[in-house]
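Data first, discussion second: the structure below is written as structure tokens.
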Amino acid sequence: METFVVWLVEIIGRLGYPGIVILMAMESTFFPIPSEVVLPPAGYLVSQGGMNGPLVVAAGTLGSLIGSLFNYVLALSLGRPLLLKYGRYILLTREKFGAVDRFFTDHGEISTFTGRFVPVVRHFISFPAGLARMNLARFCLYTALGSCIWSAILTYIGYLVGNNIELVKRYLHQVTILVLLALVVVVAVYVKLRKRSGGETGTASG
């Protein structure tokens with residue numbers, strides 16, 4: 001892993017911001033390149049004066065958005081017809097598919113946003129969004145917002161601890177726990193507001 005991180009530092013140093021865009025785009029598809037080993041090295045280069053922090057975050061956000069759009073379009077163009085035709089072979093009936101569709105129609109924004117912070121989920125959250133034909137502008141907005149925050153966190157970790165993979169992992173573990181706790185609060189507030197909104201709508205209708 002340390003050798004891989006050193007290699008990434010060299011690659012990012014040579015390619016600069018386009019290198020971050022490319023690696024983060026790959027990370028947001030189904031390539032096994034975690035953002036946790038892309039942006040901290042870039043943050044280290046920021047601490048050394050070799051890169052600009054806001055531009056690193058912008059490049060990370062752009063790359064994540066590009067990769068997520070790739071998955072979104074793939075699911076939109078190929079996934080839906082295939083699942084509707086062959087889904088029964090993997091126990092995905094039209095009824096279950098419709099339930100997933102309705103869930104993402106109602107909760108696509110919060111799912112897309114929070115999914116950017118969850119390991120593994122961030123690689124695949126764009127697929128259900130594409131399958132459910134989530135509004136493209138909203139998909140891009142919430143994907144970019146979540147990606148920007150996560151990119152800033154990872155870049156700052158690299159800026160603080162430098163090119164020390166063990167410290168990066170230690171800080172990342174702590175930050176991930178804090179982020180997940182924060183997401184629980186965000187989702188709880190979201191659910192409460194949705195219920196209140198639904199109750200007010202029902203009252204008004206009555």
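Just to be sure before I move on: is residue 53 under 25 Å from residue 173 (Cα atoms), modelled with pLDDT of 85 or more and buried (at least 19 other Cβ atoms within 10 Å of the Cβ) in the structure I sent?
The answer is no for residue 53.
Can you name the residue in segment 121-141 that is at pLDDT below 85 and aromatic (Phe, Trp, Tyr) and, of all such residues, is farthest from residue 61 (Cα to Cα)?
127
Among the candidates 60, 67, which residue alone is of a type outside the set (A, V, I, L, M, F, W, C), surrounded by 23 or more Cβ atoms within 10 Å (Cβ to Cβ), within 19 Å of residue 120 (Cβ to Cβ) and free of Cβ contacts under 8 Å to residues at least 60 places away in the same chain?
67
Suppose we keep only residues that are buried (at least 24 other Cβ atoms within 10 Å of the Cβ) and within 13 Å of the chain's Cα centre (by Cα) within segment 126-138. Which one would you say is nearest to residue 70 (Cα to Cα)?
Checking each candidate, the answer is 126.
Do we have residue 144 as at pLDDT 90 or above and surrounded by fewer than 15 Cβ atoms within 10 Å (Cβ to Cβ) here?
When the stated conditions are applied, residue 144 does not pass them.
Yes or no: residue 183 part of a helix (DSSP H, G or I) and either under 15 Å from residue 107 (Cα atoms) or among the hydroxyl-bearing types (Ser, Thr, Tyr) (or both)?
Here the answer is yes, as residue 183 does meet what is asked.
List the helices (runs of 4 or more DSSP H) that sit entirely inside segment 1-50 and contain at least 2 residues that are at pLDDT 85 or above, closer than 22 Å to residue 167 by Cα and not charged (D, E, K, R).
Output list reads 17-27, 39-47.
The values are calculated or read from the model by the stated rules, or taken from the named source; none is laboratory data. No experiment lies behind these values; they were computed from the predicted model shown. All Cβ positions, even for glycine, are placed from backbone atoms using ideal geometry, and neighbour counts span all protein chains on display.
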